[in-house]
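A.B. asks: Would you mind keeping the following structure in view while I ask a few things?
The values are calculated or read from the model by the stated rules, or taken from the named source; none is laboratory data. The model shown is predicted, which means the values in this text are computed figures rather than measured ones. Every residue, glycine among them, receives a Cβ derived from its backbone with ideal geometry; neighbour counts consider all protein chains shown. Just the protein is used for accessible areas: all its heavy atoms, side chains included, with ligands, DNA and RNA removed. Shrake-Rupley method; radii C 1.70, N 1.55, O 1.52, S 1.80 Å.
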Amino acid sequence: MSYDVIVLGAGLAGLSAARDLADAGSDVLVVEARDRVGGRVEQATLDDGRVVQLGGELTGSFQYAYLGLAEELGLTIESSYVEATGQDSYHLIEGVVRGDWMNPGQRALADEVEAKFRDLAATVDPEDPWSHPDAAILDNTSLANWLRSAGGDEAVVRDRALFHLGLADGSPERLSLLAELRKQAAAGAGGFYDENAWEGLRVAEGSASVALRMAEQLGDRVRLGAIVERVSVNPGGCTVTLAGGETLAAAAVVSAMPVGPLRDIEITGVSKPRLESLARQRSAVASKVVAAYPSAIWEQVGANGLAYGEGLIGSSWTQAPTGVISVLTGPERIGVLLAAPDDQSACADVARDLAEIFGDGMLSPQQIFYRAWGIDPWSKGYITQWRVGDVMRVGPLHGTHEPPFYVCGSDQWVCGYMEGAVRTGRAAAAAALGRPAPEPVQ
Ligand SMILES: Cc1cc2nc3c(=O)[nH]c(=O)nc-3n(C[C@H](O)[C@H](O)[C@H](O)COP(=O)(O)OP(=O)(O)OC[C@H]3O[C@@H](n4cnc5c(N)ncnc54)[C@H](O)[C@@H]3O)c2cc1C
């Protein structure tokens, strides 16, 4: 049997693409390696019925493609952890600080440097950062070195390091300035990463519900446990070979796979530059721990659950159900968790750090989950990590198609977020249908 389109991967990107293709009357099949849909969004139900998010979770007001899709699917958008009451926490080498860890003078200098960053971000086109007259220079400069050259002192650099180690997208000492300018330009170039803009909202039913609802609509057009091993692309017809040897045929292929696992697939019939650009991309090796307590015990110390740390925990924040906290550990620190004898020990390591920040009550969660997304064979990462020089190495082929081979996925947007998955997924479907990319409704 031959399909119109085979979509590789049933994450948000692949499902968004397949849904639009199916709605347009295409005969589409999604092949998914795992025994579940959603990819980097996944949810679990606790013994007491609370639903927790183990992967992607948060969105923001400028992320129109994701918000629009959630609305189409009948889901509810609500405010996220940014509304929680209490103080932020900083887990510094020197100890725990509540409230701003910087003194007013340091904060004022940070604000001055941020104003310069905002002005520079406004000069970058997020769709085409390569056209910037200083693209190569900006890409070959680390965010940290630029902060110093813009008058920032070591406290300003440390503040950004706390933030980026919390976001788990790599240290600012190695993060491409151009990539960060591009990312903030996509959010409206308001300054440094603004948690409200990027993370101020969430789907009340749980972010994984977005994937689950699309999969419900697609029904048996999604095939689970189908591991793609080879793809042959031809204007006259493409083939997709699965583990076990089964070969499927289609007029076109949409790759909706993360950049890491895509490297493991043998692809023929696609130009070398296109494949090299895809292979150049890097995804941050990070893990997420989700710990559930009977109540928001961090409130007992006046904290809101949001923490940035210089220990094992990069950041923590609260989820929708009361008493649930998320923890990210990023590329610079995950080695400690990966070297733990087992998952239980890794969870205990994280709980100990949580206890240092919020008190001993954190040592005994009712339930705790550990997902090492960075080494999961079907993800091999978390969000995009743009090291110094990587934007130019990936080049302007980033996110482009080579019909009948179409490319989507969060990594094919400015950074690896759910917005990017939906935006590029729907754009890939439109391209395969010969239509212009949909304009996200604001
Ligand atoms: C811990 C964590 C926290 C995050 N937090 C946020 C957040 O708060 N906000 C936000 O916007 N984003 C967040 N993200 C990122 C966001 O979840 C992802 O960018 C997005 O879900 C990726 O969607 P995708 O469809 O592009 O890729 P994926 O979800 O990775 O989907 C790709 C699919 O391809 C499948 N696949 C891989 N290899 C094969 C193969 N060989 N054959 C067949 N199928 C294959 C995978 O199993 C997967 O289902 C987070 C991610 C993680 C891991």
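A.B. asks: Quick one: in region 319-424, what % of C-alpha pairs are over 24 Å apart?
C.D. replies: Roughly 43 percent, once rounded to a whole number.
A.B. asks: Before rounding to the nearest 500, sum -39500 (n - 2.57) across all DSSP H runs of length at least 4 in the chain and divide by the residue total; then give [θ] at 222 nm in deg cm²/dmol.
C.D. replies: Taking each H run of at least 4 residues, the total per residue is -9500 deg cm²/dmol.
A.B. asks: Same structure again: Once amide H atoms are placed 1.01 Å from N in the peptide plane, what residues at a sequence separation of 5 or more from A251, or on another chain, have their amide H within under 5 Å of its amide H?
C.D. replies: Long-range HN contacts for A251: Y3, D4, V5, C238.
A.B. asks: Which residues' amide hydrogens lie under 5 Å from the amide hydrogen of G409, considering only partners 5 or more residues apart or on another chain, with H built in the peptide plane?
C.D. replies: The list, which skips near neighbours in sequence, is T424, G425.
A.B. asks: Report the rotationally averaged projected area of the chain based on its alpha-carbon convex hull, in square nanometres.
C.D. replies: 20.4 nm²
A.B. asks: Roughly how many Å² is the accessible area per residue of the chain, as a whole number, for a 1.4 Å probe?
C.D. replies: On a per-residue basis, the chain sits at 38 Å².
A.B. asks: Here's something else I'd like to know. Please give the direction-averaged projected area of the C-alpha convex hull for region 104-191, in square nanometres with one decimal.
C.D. replies: 5.2 nm²
A.B. asks: Report, in degrees rounded to the nearest 10, the 0 to 90 angle that the Cα long axis of helix 154-167 makes with the longest principal axis of the chain.
C.D. replies: Approximately 50 degrees, to the nearest 10.
A.B. asks: Calculate what fraction, in whole %, of the accessible area of the chain sits on carbon and sulfur atoms when a 1.4 Å probe is rolled over the protein chains.
C.D. replies: 50 percent
A.B. asks: Shifting gears a bit: Starting from the amide H of S80, placed 1.01 Å from N in the peptide plane, find each other amide H under 5 Å away whose residue is 5 or more places distant or on another chain.
C.D. replies: Hits under the 5 Å cutoff: L201, R202.
A.B. asks: Explain nothing, just the number: dipole magnitude of region 33-117 about its Cα centre with +1 on each Lys and Arg Cβ and -1 on each Asp and Glu Cβ, in debye rounded to the nearest 20.
C.D. replies: It comes to approximately 220 debye.
A.B. asks: Let me ask something additional. Regarding region 337-394, what is the average projected area of its C-alpha convex hull, in nm²?
C.D. replies: For region 337-394, the mean projected area of the Cα convex hull comes to 6.1 nm².
A.B. asks: Between region 325-398 and region 1-79, what is the C-alpha centre distance in whole Å?
C.D. replies: 23 Å
A.B. asks: Farthest toward the dipole's positive end in region 65-146, which of I93, N140, F117, given Cβ charges of +1 (Lys, Arg) and -1 (Asp, Glu) about the Cα centre?
C.D. replies: So the residue furthest toward the plus end is I93.
A.B. asks: Shifting gears a bit: For region 185-275, what is the Kirkwood estimate of the hydrodynamic radius, computed as the reciprocal of the mean inverse distance between distinct Cα atoms, to one decimal in Å?
C.D. replies: 16.7 Å
A.B. asks: Taking only Cα atoms and a 10 Å spring cutoff, compute GNM fluctuations for the chain and point out the largest among T59, T384, T123.
C.D. replies: Among T59, T384, T123, the largest GNM mean-square fluctuation belongs to T123.
A.B. asks: Keeping all protein chains in position, work out how much accessible area T76 exposes to a 1.4 Å probe, and write it in Å² to the nearest 10.
C.D. replies: Surface open to solvent at T76 totals about 70 Å².
A.B. asks: Calculate how steeply helix 418-432 sits against the longest principal axis of the alpha-carbon atoms of the chain, using the helix alpha-carbon long axis, and give the answer as 0 to 90 degrees to the nearest 10.
C.D. replies: 20 degrees
A.B. asks: Roughly how tilted is helix 104-121, in degrees to the nearest 10 and between 0 and 90, from the longest Cα axis of the chain?
C.D. replies: That helix lies at roughly 20 degrees to the long axis.
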